[in-house]
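Asks: Pasting a structure below so you can have a look.
What follows is calculated from the coordinates using simple rules that are stated; it is not laboratory data. These numbers come from a predicted model, not from an experiment. Cβ coordinates were reconstructed from backbone atoms using ideal geometry, including for glycine residues, and neighbour counts include every protein chain displayed.
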Amino acid sequence: MLLSVIVPVYNGEKYIARCLDSLLNQDLDYKSYEIIVINDGSKDHTIAIIENYKKYNKNIFSVSQVNQGQSVARNKGIELAKGEYIYFVDGDDYIAENTLKTITIMALNNQLDIFGFSLKSVANNEITHASNINEDFVLNVQSGLDFIGSFNYNNGPWWYIVKRQLILTNKLSFVPDRLCEDGMFTATLFTLDCKVGYVPYDIYRYVSNPGSTTTRRDQKHMQKIVDDFIFTIKYFSNLLCMKSVKGHCGAFEKLKSRQASYVFFLLVRILRCDISLRQVGQILNELKIETVYPIHVSIGDGYGYKVKLLCSCFNTGIIYKAMHLILRTKRKFLK
């Protein structure tokens with residue numbers, strides 16, 4: 001079997017049909033790929049919809065589990081997969097029609113461990129056609145570390161198909177019950193001894209849903225965000241200590257920059273939440289101990305002068321605490 005597509009879903013009755021239709025509307029023979037849907041404890045009609053698709057499509061399989069989060073669902077999919085390659089597709093997204101054959105065959109013919117491509121961010125309007133799937137692109141093949149060093153790689157696992165044996169041999173999995181699990185998984189993936197190729201084929205459809213953005217500022221939720229971001233920052237510190245990474249200047253700098261971006265966005269989130277100044281001080285001290293604060297490296301390409309200005313403000317503890325106090329006081333008056 002060529003490919004295993006792993007689809008985690010939770011309460012997806014409004015969109016799982018669109019996702020499955022896109023995975024079925026492909027130019028691969030149904031016997032050469034499987035669609036593994038992991039129902040992560042849905043409480044709506046998601047299961048019924050999946051079961052209906054299974055009746056008419058022999059390459060769709062499903063497993064239901066108690067709600068444990070996307071990481072555990074994906075890990076279950078890895079455990080069940082039989083394909084040469086694995087592809088992760090989120091249940092609320094979809095892919096362009098007749099594209100899986102092209103990317104799978106290209107990966108096989110070039111003996112790639114990882115093959116990357118591109119996406120389009122869409123709203124409710126569907127764009128099912130891949131605009132450039134028939135174009136001839138030059139395939140640039142690199143090691144994982146060279147790829148990190150020369151390319152602004154994306155954290156999302158849906159940007160790549162990955163050789164299943166690479167994941168199994170290295171016992172790679174998504175960290176359970178943590179935010180930023182995609183970033184940790186993908187960064188680790190590229191530090192492995194692997195052969196990577198990339199072509200900007202227009203494959204994935206990332207469905208943006210502004211209404212899903214969380215606005216919670218309660219203590220428990222904020223503590224979860226803080227803990228998970230700090231966990232991720234420390235995870236990157238361990239990656240940066242790897243001998244292979246330290247010996248690759250480009251990859252080291254890019255991963256250091258990615259780590260700095262997590263520090264920056266952690267500080268942004270804290271400004272939006274109602275935690276005490278004492279807690280803010282404790283977080284800054286923990287970041288100092290980890291030697292990631294103040295932020296002395298670029299947080300990545302594509303950020304303008306506003307981000308640079310904010311970094312300068314954030315890097316002075318007194319100014320940052322004053323910003324937090326002012327914003328927290330303003331929110332109280334606006335309630």
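Asks: When we measure straight from the Cα of LYS332, which aspartates and glutamates land under 20 angstrom away, once same-chain ones fewer than 8 places off are left out?
Replies: Within reach: ASP218, ASP274.
Asks: Further, regarding this structure: Where the Cα atoms of the stretch 204-335 are projected onto their three principal axes, how long is each span, largest first, in whole Å?
Replies: Taking max minus min along each principal axis of the Cα atoms, the stretch 204-335 gives 52, 41, 31 Å.
Asks: Which entries in the list LYS54/LYS171; LYS43/LYS82; LYS195/LYS256; LYS31/LYS120; LYS14/LYS101; LYS163/LYS195 go over 20 Å, if you measure between the two C-alpha atoms of each? Write down the numbers at each step before the final one.
Replies: Values: LYS54/LYS171 30 Å; LYS43/LYS82 28 Å; LYS195/LYS256 22 Å; LYS31/LYS120 28 Å; LYS14/LYS101 27 Å; LYS163/LYS195 10 Å.
Flagged as over cut-off: LYS54/LYS171; LYS43/LYS82; LYS195/LYS256; LYS31/LYS120; LYS14/LYS101.
Asks: If you don't mind, another one. Where a ≥ b ≥ c are the square roots of the eigenvalues of the C-alpha gyration tensor, would you call the stretch 131-171 rounded, which needs a/c under 1.5, or, failing that, prolate if a/b is larger than b/c, or oblate? Working shown, then result.
Replies: Working: a/c = 1.90, a/b = 1.48, b/c = 1.28.
Prolate, because a/c is 1.5 or more and a/b exceeds b/c.
Asks: Run the numbers on the stretch 108-208 and let me know its relative contact order in percent, using alpha-carbon pairs under 8 Å that are six or more apart. Working shown, then result.
Replies: Details: 143 pairs, mean separation 58.9, N = 101.
Relative CO of the stretch 108-208 lands at 58 percent.
Asks: Quick one: helix 317-334 against the long Cα principal axis of the chain, what's the angle to the nearest 10°, folded into 0 to 90?
Replies: Between helix and principal axis, roughly 80 degrees.
Asks: Share of antiparallel DSSP beta bridges in the chain, in percent to the nearest 5? Working shown, then result.
Replies: Details: 12 of 37 bridges.
If I count the DSSP bridges inside the chain, around 30 percent turn out antiparallel.
Asks: Neighbouring Cβ atoms within 10 Å as the yardstick, rank GLU51, GLU181, GLU13, GLU34 fewest first.
Replies: Numbers: GLU51 12, GLU181 23, GLU13 16, GLU34 20.
So the ranking, lowest neighbour count to highest, is GLU51, GLU13, GLU34, GLU181.
Asks: Each label point is 7 Å from the Cα along the Cα-to-Cβ direction; what then is the distance between the points at VAL297 and ASN132, in nm?
Replies: 2.9
Asks: A further question follows. Can you give the direction-averaged projected area of the convex hull of the alpha-carbon atoms in the chain, in nm²?
Replies: On the way: hull surface 72.4 nm².
Directional mean of the projected Cα hull area for the chain stands at 18.1 nm².
Asks: Considering only VAL297, ALA322, SER208, whose Cα is most displaced toward the positive end of the charge dipole of the chain, charges sitting on Cβ of Lys, Arg (+1) and Asp, Glu (-1)?
Replies: ALA322
Asks: Dipole size in debye (nearest 20) for the stretch 1-75 around its Cα centre, Lys and Arg Cβ +1, Asp and Glu Cβ -1?
Replies: Details: 8 positive and 8 negative charges, 19 e Å.
The dipole of the stretch 1-75 has a size of about 100 debye.
Asks: Could you pull out which residues in the stretch 160-188 have an amide N less than 14 Å from a spot 7 Å beyond the Cα of LYS220, following the Cα-Cβ vector?
Replies: Within reach of a label on LYS220, which here means backbone N under 14 Å from a point 7 Å along Cα→Cβ, the stretch 160-188 contributes nothing.
Asks: Please report the antiparallel percentage of DSSP beta bridges with both residues in the stretch 39-191, rounded to the nearest 5.
Replies: On the way: 6 of 8 bridges.
About 75 percent, rounded to the nearest 5.
Asks: Let me have the 222 nm mean residue ellipticity of the chain computed from DSSP H runs of 4+ only, each contributing -39500 (n - 2.57), with the sum over all residues rounded to the nearest 500. Walk me through the numbers before you get to the answer.
Replies: Numbers: 13 runs with 155 residues, N = 335.
The per-residue figure over the chain is -14500 deg cm²/dmol.
Asks: Something else now. For an R0 of 22 angstrom, estimate the FRET efficiency from the Cβ-Cβ distance between LYS332 and PHE265 and round to the nearest 0.05. Show your work: numbers first, answer last.
Replies: Values: r = 24 Å, r/R0 = 1.09.
Result of the calculation: an efficiency of 0.35.
Asks: Just to check I understand the Karplus step: with θ = phi - 60° and J = 6.51 cos²θ - 1.76 cosθ + 1.60, what whole-Hz values come out for the stretch 80-87, glycine and proline as x?
Replies: The phi angles translate into 8, 5, 10, x, 4, 10, 10, 10 Hz.
Asks: Right, something else. With loop defined by DSSP as not H, G, I, E or B, and exposure as at most 15 other Cβ atoms within 10 Å, which is the longest segment of the chain clear of exposed chymotrypsin sites (Phe, Trp or Tyr not before Pro)?
Replies: Details: sites that count: PHE137, TYR303.
The longest uninterrupted stretch comes out as 138-302.
Asks: Given points 7 Å out from each Cα along the Cα-Cβ axis, report the ALA48 to LEU24 separation in nanometres with one decimal.
Replies: 1.8
Asks: Additional query: Helix 100-109: angle to the longest alpha-carbon principal axis of the chain, degrees 0 to 90, nearest 10?
Replies: Result, in degrees: 90.
Asks: Expressed in nm to one decimal, what extension gain is obtained for the pair LYS246 and LYS288 from 0.36 nm per residue of sequence separation less their Cα-Cα distance? Don't skip to the answer; put the middle values down first.
Replies: Values: separation 42, 0.36 × 42 = 15.12 nm, distance 2.10 nm.
Fully extending the segment from LYS246 to LYS288 adds 13.0 nm.
Asks: Convert each backbone phi in the stretch 174-187 into a coupling constant with the Karplus relation 6.51 cos²θ - 1.76 cosθ + 1.60 (shift: θ = phi - 60°), then list the ³J(HN,Hα) values in order as whole Hz, x for Gly and Pro.
Replies: 7, 5, x, 6, 9, 5, 6, 5, 5, x, 5, 4, 5, 4
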